[in-house]
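Report on the following structure.
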Amino acid sequence: MTSFAYTVHPARIVFGTGTLENVRDEVQRLGRTRVLVLASPGLAAAGDRVEKVLGPLAVARFDGAAMHTPVEVTEVALGVLREHEADCVVAIGGGSTTGLAKALAVRTGVDQVVLPSTYAGSEVTPVLGETENGTKTTRSSPDILPETVIYDVELSAGLPVALAVTSAVNALAHAVEALYSPDANPVVDGMALDAITRLAAGLRRLPADPHDPEVRADLLRGAWLAGTCLGAVGMGLHHKLCHTLGGGFDLPHAQTHTVVLPYAMAYNGAAAPEAMRRIAEALGVGDADDVAGALQDLVRAAGGPVSLGELGFPEAAVDRAAELATQAPYPNPAPVTRDGIAALLRAAWAGERPGGTGTVRPARITEQVVKTFAGAADPRLRRLISDLVVRLHAFAVDNDLTQDEWQQGIDFLTRTGQTCSDTRQEFVLLSDTLGLSSVVDVLTNSRTPDSTPSAVLGPFYVEGPPELEQGSDMARGLAGTPLHVDVLVTDTADVPVADAIVDVWQSNEDGFYDVQLPDLDGPVLRGRLRTDGEGRLRFWSILPSEYPIPTDGPVGAMLGAVGRHPYRAPHLHFMIAAPGRRRLITQLFVRGGLYLDSDAVFGVKDDLVVDFETRTGPTPDGRVIEGEWRRLGFTFRLAPDALEHRP
Ligand code: NAD
């Protein structure tokens, strides 16, 4: 059992898009009435927006925050705050502006509402670092913690890509070090892992999709969680080293974190194997031993800095920095030695791949491939193909795929393609039996809650079916229980849809479609009909039966190899098209039929299981039938066409 102590820092978090608009409500919630607005120098326009929303609550403005919270700047801001008798500060900007808000709050007791525009994480920590006469000192107190943090994805979206990359790695560092902190606890671990997953996902996609709100939301949410880790548990070597390099050598904050993190991880790797395994998993890196190198690959692919040299740190300063960084002892998984830190800094100065042997790693290949899609003009294509490659590579890595296995996969796909013809679609069958067709179908249908559920097209649809008259018999005399179909087509407001084109197809009594029976004369059990002026459609057919999907091809072999049966529950296919309506592809299943709960293509939906009522005696159109016949009644509701298009 692991023992731990965990302190929760009380703060209110408001997260979303456009949440800047809540700033007045949040100040009033705190019971404050006189606000000093602090905006980062580069964020004057956002500062103006905040002032506008605050209205008369905004009594003063100060835009002069500087990196590392110089006390001289705080003194000037303090003068403004006192002159206007402010009882609250609203800070909009990065860690520097948050730092100024904290410095003012700890001196005067004013409340703080912070709107972070970077991923630094300072807004959720009770820690303040201040610089006076060139020396940076850090203190911690509950009075330093901002009362309210408003995360606005829109605001952070303005952060230029280069700054966003380094800021996100800065956040990543908090989560990484939390996982091997001596104060680690289950709550913080959970936040750290989620933070790493989101930050890595955001970093991977940021260069190709810098304006995608989902990417920015992942990064901002990761930053909040990572910042919370920073505020909750003690940090190790990485943070101490960055503090030394930032304070002692005037290196830029987030960029320094970005370069150093992979080297600090490599340094601690052997001493914290379990943390590294979890970090690798959250980062999506298959080889935990290479997690540091893989992180650097990710940074490089995102366009971030990878060497201290490029940040202006002189090689000659390595020994001095190592000395400064090892003066005071602090907890860290691996012992912190002067020689060890000097070697780390030398490698970081040169940008050598940490922990690497120079061999090509899968993660690097993945990044390289994804990068090649950055120029694709269609953003949807770029996203789909990039994500497909990432997941395919991860599949290979996570399963340690062998050459033989992948060759088998290629052979399988080749046979699948070769099995396709004008009347047989083995790829559709593959997609169906893997459930992918139904997943896509569910995604599509979930956007049309009032309309009839859709179902997969299946492999037996044939373009251009024969035109049939209303009332005709689609079975053309084939054996089977006669079925009278009498259905209605309406829109979602129950208004009948006249002249809708309805394609219908089904299997015969033995479970075969016409295209599977070359000896059969022409298309049968399929046809195209039109609804009448009242949206109704009536025709005759026969009761469909359960049937096996074709098992003589590679898909059948796959089902056999995994011990699955190939049967589909009995059903009738419909494809309904009408101007101004979304095309509906669906199936109606025979209630009481076999395999309803184990359909081979996962296509059965409860709303599509209907009664095919058993009847005897007179038929609706006077057709004379000896013995039993069935009747199918149903109302199809078509969605408006506009839903066809994705937002
Ligand atoms: P920063 O606040 O200095 O911002 C970096 C630059 O980006 C600035 O020029 C700023 O004007 C600009 N900027 C910020 N947001 C922008 C946006 N959305 N669009 C365009 N430009 C934007 O840098 P930072 O990395 O956020 O913070 C670093 C500071 O925060 C350091 O002083 C560091 O010590 C401190 N910090 C403190 C803690 C803590 O817990 N006390 C935690 C993390 C960082």
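The values are calculated or read from the model by the stated rules, or taken from the named source; none is laboratory data. Please read these numbers as outputs of a predicted model, since none were measured by experiment. All Cβ positions, glycine included, derive from the backbone under ideal geometry; neighbour counts span all protein chains shown.
Here is a list: Gly246, Gly227, Gly190. Which entry is within 12 Å of the ligand (Cβ to nearest atom), assigned to a helix (DSSP H, G or I) and surrounded by fewer than 24 Cβ atoms within 10 Å (Cβ to Cβ)?
Residue meeting the stated conditions: Gly246.
Looking at the range 499-512, I want the residues that are at pLDDT 95 or above and have a partner that is part of a loop (DSSP other than H, G, I, E, B) and buried (at least 21 other Cβ atoms within 10 Å of the Cβ) with Cβ atoms under 6 Å, at least 6 apart or on another chain. Which pairs are those?
Between residues of the range 499-512 that are at pLDDT 95 or above and residues that are part of a loop (DSSP other than H, G, I, E, B) and buried (at least 21 other Cβ atoms within 10 Å of the Cβ), the close pairs are Ala500/Thr531; Ala500/Ala578; Gln506/Leu525; Gln506/Pro544.
Mind listing just one residue for me: the one in the range 540-564 that is assigned to a strand (DSSP E or B) and more than 44 Å from the chain's Cα centre (by Cα) and, of those, surrounded by the most Cβ atoms within 10 Å (Cβ to Cβ)?
Ser541
Across the range 102-127, what is the total count of residues that are closer than 21 Å to Leu225 by Cβ and either more than 10 Å from the ligand (Cβ to nearest atom) or in a strand (DSSP E or B) (or both)?
6
Which members of the range 24-48 meet the condition of being within 16 Å of the ligand (Cβ to nearest atom) and not in a strand (DSSP E or B)?
The answer is Ser40, Pro41, Gly42, Leu43, Ala44, Ala45, Ala46, Gly47, Asp48.
For Pro333, all conditions in the list (1) assigned by TED's automatic domain parsing to the domain that holds Cys242; (2) over 35 Å from the mean Cα position of the chain (by Cα); (3) touching a residue at least 40 places away in the same chain (Cβ under 8 Å); (4) surrounded by 18 or more Cβ atoms within 10 Å (Cβ to Cβ) hold save one; what is the number of the exception?
Condition (2) is where Pro333 drops out.
Go through the range 129-151 residue by residue and tally those that are under 30 Å from Asp25 (Cα atoms), more than 12 Å from the ligand (Cβ to nearest atom) and surrounded by fewer than 20 Cβ atoms within 10 Å (Cβ to Cβ).
So the count comes out to 3.
Just to be sure before I move on: is Glu51 part of a helix (DSSP H, G or I), within 16 Å of Gly129 (Cβ to Cβ), acidic (Asp, Glu) and more than 9 Å from the ligand (Cβ to nearest atom) in the structure I sent?
So Glu51 does not fit the description; no.
Looking at Leu525, Leu537, which is the one that is surrounded by 20 or more Cβ atoms within 10 Å (Cβ to Cβ), within 27 Å of Pro566 (Cβ to Cβ) and in contact (Cβ under 8 Å) with a residue 12 or more places away in the chain?
Leu525 is the lone residue from the list that is surrounded by 20 or more Cβ atoms within 10 Å (Cβ to Cβ), within 27 Å of Pro566 (Cβ to Cβ) and in contact (Cβ under 8 Å) with a residue 12 or more places away in the chain.
Any residue in the range 69-80 that's aliphatic (A, V, I, L, M): show its pairings with residues that are at pLDDT 95 or above and in a helix (DSSP H, G or I) at Cβ separation under 7 Å, as long as the two are six or more apart or on different chains.
From residues that are aliphatic (A, V, I, L, M), the pairs are Val73/Leu100; Ala77/Leu100; Ala77/Leu104; Leu78/Leu104; Leu78/Arg107.
May I ask you to list pairs of residues, at least six apart or on different chains, whose Cβ atoms are under 9 Å apart, with the first in the range 116-134 being touching a residue at least 12 places away in the same chain (Cβ under 8 Å) and closer than 14 Å to Val106 by Cβ and the second being near the ligand (Cβ under 6 Å from one of its atoms) and charged (D, E, K, R)?
Taking only residues 6 or more apart or on different chains, not a single pair turns up.
Anything in the range 54-100 that is within 16 Å of the ligand (Cβ to nearest atom), of a type in the set (Gly, Ala, Ser) and not in a helix (DSSP H, G or I)? List them, or say none.
Hits for the range 54-100 are Gly64, Ala65, Ala66, Ala91, Gly93, Gly94.
Is it fair to say Ala350 is of a type outside the set (Ser, Thr, Tyr) and over 29 Å from the mean Cα position of the chain (by Cα)?
yes
In this structure, is Ala301 over 39 Å from the mean Cα position of the chain (by Cα), touching a residue at least 60 places away in the same chain (Cβ under 8 Å) and farther than 16 Å from Ala264 by Cβ?
no
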